[in-house]
Amino acid sequence: MVIMKFGGTSVQDATAIGRVAEIVRSRREQRPVVVVSAFAKVTDQLVLMGQQASSGDSEASLALLEALRVRHFHTARELLGEEELAKIADKLQATFSQAEGFLKGLAAIQELSPRSSDQMLSFGELLSSEIVAAALAVRGLDTAWVDSRKCVVTDGKHTRALPLADQTRAQAQKHLAPLVKKGRIPVMGGFIAATLEGTTTTLGRGGSDFSAAILGAALDADSIEIWTDVEGMMTTDPRLCPDARTIRHISFNEAAELAYFGAKVLHPATLLPAIQQDIPVFVLNSSNVKSKGTRITAQAPRGRDTFRAITAKTGVSLVNVVASRGVMVHGFLRSVFEALDRYAASVDLVAISEVSMSFTMDSKRLPAALLADLERIADVTCEGQQAIICLVGEDIHGKPGIAASVFETVANAQVNIRMISQGASEINISFVIRESDVPTAVQHLHARFFTQAGDEKRVRRLIQNQELVTNSHGAGKNGKRALGMLRKTKIGKGK
């Protein structure tokens, strides 16, 4: 069995959904279960609608809802034709009517609770999965639409719910396994789930990946495929560095570290269920089915490069907490951690001494009340617009001089490092810089640890192909000269 998850850009319009149908057709022998996100940008629009309605602007929210209705019906009509569209039109319209009533209710009470937010955002996946299921059926695939909320069971932590593994396994085996056994293809929305009482929850933004992994574990799948709009996981963000390359094979630990520290391809929690059951995960490009993408497994072969990838997490605040004069040093750190616990504050990096502590947090999730509490026991400074740079690779701490090379490269780029974290993890080196310095730092680091190594490979390949060879006994003058130049570089030494 294979779990196939398609992101918003993979189902953004009729053309994209047509490609999805052909991809699923190619996997029929592997007994696929299909998980789809809302159409591209729909979740963002639903968030905006909820905000507009709860602030009293019912007219603006309903106008945006009508635009979504037109888009979904237009896409469905293009995919299905009028006759087949008529078979699901009532279900689609019922969902839009429910959304309309919900928005009017929000406008009346002028309040958007986490529970209401989950209900609002669920409409996107419900609509897209209905349309995709019908589109696949019209193209000759035996599909069955399934409500995700009957399969994925979570706790009641709205907007960021966590799955209940045993209950989810029972429900997935009940609602999905029989369909797969009969040769049918279940199609369902990602991201949404429900509590034991049936209340709608969501797994957090990007949670469709998580849904796929949860279902993969619950159904004992052979593999999980994450279909997106990129070639797989990259050595860095190609928008920052055009020389970024696709990573062909990466370990679970490396991929999870990259996802947590800013890589956008995967939801940070995606890999947990897969790791627990050792299910391989593939990240693939729905616009280029010939691409091999990235394979993620428990262990990955070591590559020639020092690191597997570089990532950046922006929108970070750096908080410095220093014990005030006269405050007993004993118990200071305990007081800081107790304050973090009271506000359920999830920190990224921490640096500690006897009388001070620095930590980073997502700026949007940093409570002002937490800072006020800390100011009662310490001198506190908070700096926004910071970023975390993270270099990931297996066993990098067993290689002398790696950290020195990293920080030398950053210094040569004229970038100031605000905080360093190394030691707790064996697979990453992380540090904090200003957000505005991210492009410069990433480009210099990628050139230092990836591009030059790639140049050497290209030269060696040219030599092997005899493009630089002048006789049958080995590299000619040009080839020897090229290799000699590479060996003089820092990357070339020791290769």
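Bear in mind these aren't lab numbers, they're just calculated from the coordinates by the rules spelled out. Because the structure is predicted, anything quoted here is derived from the model rather than measured. We place every Cβ from the backbone using ideal geometry, glycine too, and count neighbours over all the protein chains shown.
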Task: Within-15-Å neighbourhood charge of E59 [Cβ basis; K, R +1; D, E -1] - done: -2
- [ ] Within 10 Å, count the other beta carbons around each residue, average over each peptide in 279-292, 373-386, and list them highest first.
- [x] 279-292, 373-386
TODO: Could you tell me which GluC sites (Glu not before Pro) in the range 189-261 are loop residues by DSSP with no more than 14 other beta carbons within 10 angstrom of their beta carbon?
DONE: E197
Task: Share, in percent, of DSSP beta bridges within the chain that are antiparallel, nearest 5 - done: 60
Task: the chain - charge dipole about Cα centre, Lys and Arg +1 at Cβ, Asp and Glu -1, debye rounded to 20 - done: 2180
- [ ] Provide the net charge surrounding P114, with neighbours chosen by a C-beta distance below 12 Å and charges set as Lys +1, Arg +1, Asp -1, Glu -1.
- [x] +1
- [ ] Using only alpha carbon positions, build the gyration tensor of the chain, then give the equivalent ellipsoid semi-axes as the square roots of 5 times its eigenvalues, largest first, whole angstrom.
- [x] 41, 34, 20
TODO: Let me have the relative contact order for the range 2-229, percent, based on Cα pairs under 8 Å that are six or more residues apart.
DONE: 28
Task: Whole-Å semi-axes of the ellipsoid equivalent to the range 148-200 (Cα gyration tensor, √5λ, descending) - done: 22, 11, 7
Open item on the list: Need one number for the range 1-124: average projected area of the convex hull over its C-alpha atoms, nm².
Closed with: 8.2
TODO: Would you give the gap between the C-alpha center of the range 190-209 and the C-alpha center of the range 262-290, rounded to a whole Å?
DONE: 18
